[in-house]
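A.B. asks: Below you will find the structure I want to go over with you.
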Amino acid sequence: MILMTQSMLFSLCAVILLAIGLIGFLLTSDFLRKLLALNVIGMAIFMVLIAAANNDPNAVDPLPHAMVLTGIVVAAAGTALGLNLASKIVKFARSIQGENTAIENKKSNATQDSSSGQTD
Amino acid sequence: MKTSSLVSQRTMAVVIISLVSAIAALLLIAFIQQPVHDNALREVVFANLDKTGVSNPVTAVLLNYRAFDTYLEFAVFLCVAVAVLPYVLDVQLPKQKLSAESQVLAIAKIFVPLSILMAGYLLWIGSTQPGGAFQAASLLAGCLVLLSLANVRTIDFSTARSRFLLSGGLLAFIVVNIVVFSQTFCFITLPQNIAGSLILFIEFFATFAVSASLFLCFESIHKGHL
C-alpha cells in the first residue's frame, strides 16, 4: 500500500525535476543551458533532503535542513564560477575563430595572387 | 552525410531520454520501498541541545555538532572568491557619475537600510529561531547587488581590506578554535558556558565574508565580461 504523504509528494517531484535536469544537461551543448540544468539537478537533490527531513511532520530532522542551507549558497557560488569559466571559453573560442578566418583570408589572397601571376 | 548525423543525433536523444526515464522509474521504486526514516539523529540533536549554547537545532548542527563541515564551507567560499577575483580586477570600471536620480537608486535608498536591519535581526535571532549567518549574508549580498546596479561603488576588491573581509569567516573560525584548543585541549569543541557567544562571534564575521563572496561572484559576471 502506498501512502501519499507530503514527503512522498516532495520525493516524486524531486525525481521528476532530476529527470528534467538530466535530460537538459545531456541533450544540450550550450554552456548556459547546461549550467541551468545542473542547478535544476541540485534543486532536486535539495528537495529529496527536505522530504527526508519531513518524513514525520511532528519530528522534523534538523540535520538535512542544515545541509540544504549551506548547499544552496555553495550552489550559487559554484554557478557563478561556472558562468565565468563559460564566458572565458566563449571569448577564447571567438579569438581562435578570428585568427582562423584571418589565416584563411591570407591564404585565399595568396592563391588569388599566384593564380593571377600564372595567367600573366 | 548531414542526414546521417541528424539521424544519429535523434537516436542519441531517444537513447538518453529512455535511460533517464529508466533511472527516474528506478528512483521512484526506491522511494516507495524505502523504510521509514527512524529520526535517530534527531533524538541525539535534541538530547544535547542545552550543551550547545543555542536553542535553534539547525544553528546547533551548523556551528556546534558539525562545525567542521561549516568550517570547510567557509574555506570553499574563500576558494571561489579567489577563483573569480581576477575577472573583477582586470576591468577598468566605467566612470559613471550619479547625475540624475535613477530608478534603481530610488529603490535602493528605501530597501538597503531596511535589508541591513533585517540582516542584523536574522543574525541575532539565529540562536533561538530560524535564521543565522547564511540568511543574513544572502540579504546583505542582495543589498550590495542593488547598490552595484545603481552604479554605487561599495567594495573595492583590489584593496587588502576587502581580502580580509572575504576571509573573515575562516579567520574567525581559526582564531576561535586555536584559542579554545590552547585552553581546553579539545579540537573544534566549544566549551559549554561560552559556546553561545563564540557561535555569535563566528557567525558575525561569516555573515560579512559570505555576503562579500556572493557579491564578488555577482560582480565578476556583471562587470567582468563587458
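A.B. asks: From Cα pairs below 8 angstrom and at least 6 apart in sequence, can you work out the relative contact order of chain B, rounded to a whole percent? Write down the numbers at each step before the final one.
C.D. replies: On the way: 211 pairs, mean separation 61.4, N = 226.
Contact order relative to length: 27 percent.
A.B. asks: From the phi angles alone, apply the Karplus equation (6.51, -1.76, 1.60; θ = phi - 60°) to region A:74-91 and give each ³J(HN,Hα) in whole Hz, x where the residue is Gly or Pro.
C.D. replies: 5, 4, 4, 5, x, 5, 4, 4, x, 4, 4, 5, 4, 4, 5, 4, 5, 4
A.B. asks: Toward the positive end of the charge dipole of the protein assembly as shown, about the Cα centre and with charges on Cβ (Lys, Arg +1; Asp, Glu -1), which of B:185, B:145, B:171 goes farthest?
C.D. replies: B:145
A.B. asks: Using a Gaussian network model of chain B whose springs link C-alpha atoms within less than 10 Å, name the residue from B:146, B:63, B:41 with the highest mean-square fluctuation.
C.D. replies: Checking each option, the largest mean-square fluctuation is seen for B:41.
A.B. asks: Follow-up. Calculated FRET efficiency, residue B:110 and residue B:50, Cβ-Cβ r, R0 41 Å, to nearest 0.05?
C.D. replies: Numbers: r = 42 Å, r/R0 = 1.02.
Here the calculated transfer efficiency is 0.50.
A.B. asks: Here's a follow-up. Over region B:20-96, consider all pairs of different Cα atoms and compute the Kirkwood hydrodynamic radius from their mean reciprocal separation; express it in Å, one decimal. Working shown, then result.
C.D. replies: On the way: mean 1/r = 0.0580 Å⁻¹.
Kirkwood hydrodynamic radius for region B:20-96: 17.3 Å.
A.B. asks: Checking understanding here: applying a Kyte-Doolittle mean of at least -1.0 and a length along the axis of at least 27 Å (C-alpha), which whole DSSP H helices in chain B pass?
C.D. replies: Numbers: long enough: B:2-33 (46 Å, 1.60); B:67-90 (36 Å, 1.62); B:103-125 (33 Å, 1.87); B:195-222 (40 Å, 1.60).
The answer, listed by residue number, is B:2-33, B:67-90, B:103-125, B:195-222.
A.B. asks: I've got another one for you. Shielding of A:16-28 by partners, i.e. mean partner chain Cβ atoms within 10 Å per residue? Could you put the intermediate results ahead of the total?
C.D. replies: Values: counts 3, 1, 4, 9, 2, 1, 7, 7, 1, 2, 7, 6, 0.
Counting Cβ atoms of other protein chains within 10 Å of each residue's Cβ and averaging gives 4.
A.B. asks: Quick one: the Cα spread of region A:6-113 along its three principal axes, in angstroms, biggest first?
C.D. replies: So the extents along the principal axes, rounded to whole Å, are 84, 23, 9.
A.B. asks: Binning at 10 Å from 0, report for chain B what percent of all alpha-carbon pair distances ends up in each bin.
C.D. replies: 7, 23, 23, 19, 18, 8, 2, 0
A.B. asks: Cβ under 11 Å from residue B:148's Cβ, residue B:148 left aside: what net charge do those residues give with Lys, Arg +1 and Asp, Glu -1? Let's see the in-between values first.
C.D. replies: Working: positive: B:153, B:223; negative: B:219.
So the environment of residue B:148 carries a net charge of +1.
A.B. asks: If you look at just the Cα atoms of the protein assembly as shown, how large are its Rg and its Dmax in Å?
C.D. replies: My reading of the Cα-based Rg and Dmax gives 26.1, 99 Å.
A.B. asks: Separate question: Roughly how crowded by other chains is peptide B:43-50, in terms of the mean Cβ count from those chains within 10 Å of each of its Cβ atoms? The partial results should precede the final answer.
C.D. replies: On the way: counts 2, 1, 4, 2, 0, 0, 1, 0.
The shielding value for this peptide is 1.
A.B. asks: Let me ask something else about it. May I ask you to work out the translational diffusion coefficient for region B:135-209 at 10 °C, viscosity 1.306 mPa s, via Stokes-Einstein with Rh from the Kirkwood sum over Cα pairs, reported in whole µm²/s?
C.D. replies: On the way: Rh = 14.1 Å.
D = 113 µm²/s.
A.B. asks: Something else about it: Shielding of A:80-88 by partners, i.e. mean partner chain Cβ atoms within 10 Å per residue?
C.D. replies: On the way: counts 13, 9, 0, 7, 11, 3, 2, 5, 4.
For peptide A:80-88, the averaged partner shielding equals 6.
A.B. asks: Would you be so kind as to identify which of A:5, B:61, B:79 lies farthest towards the positive end of the dipole of the protein assembly as shown, taking Lys and Arg as +1 and Asp and Glu as -1 on Cβ and the Cα centre as origin?
C.D. replies: B:79
A.B. asks: When chain B is treated as a GNM, springs tying every alpha-carbon pair under 10 Å, which of B:13, B:209, B:133 comes out with the largest mean-square fluctuation?
C.D. replies: Ranking B:13, B:209, B:133 by mean-square fluctuation puts B:13 first.
A.B. asks: Take the Cα radius of gyration of region B:186-226 and divide it by 2.2 N^0.38 Å, with N its residue count; two decimals is plenty.
C.D. replies: Details: Rg = 16.3 Å, N = 41, 2.2 N^0.38 = 9.0 Å.
With N residues counted in region B:186-226, Rg over 2.2 N^0.38 Å equals 1.81.
A.B. asks: Assuming 0.36 nm per residue, please report the length gained on full extension of the stretch residue B:6 to residue B:129 beyond their Cα-Cα distance. Walk me through the numbers on the way to the answer.
C.D. replies: On the way: separation 123, 0.36 × 123 = 44.28 nm, distance 5.66 nm.
Computed gain between residue B:6 and residue B:129 is 38.6 nm.
A.B. asks: To continue, here is another question. How much FRET efficiency would the formula 1/(1 + (r/R0)^6) give for residue B:36 and residue B:171, where r is the Cβ-Cβ distance and R0 is 56 Å, rounded to 0.05?
C.D. replies: Numbers: r = 44 Å, r/R0 = 0.78.
For R0 = 56 Å, the calculated efficiency reads 0.80.
The numbers here are math on the coordinates, done by the rules we state, and not lab data. What you see is a predicted model; the values in this text were computed from it and never measured. Methodologically, a virtual Cβ is constructed for each residue, glycine included, from the backbone with ideal geometry; neighbour enumeration extends over all protein chains shown.
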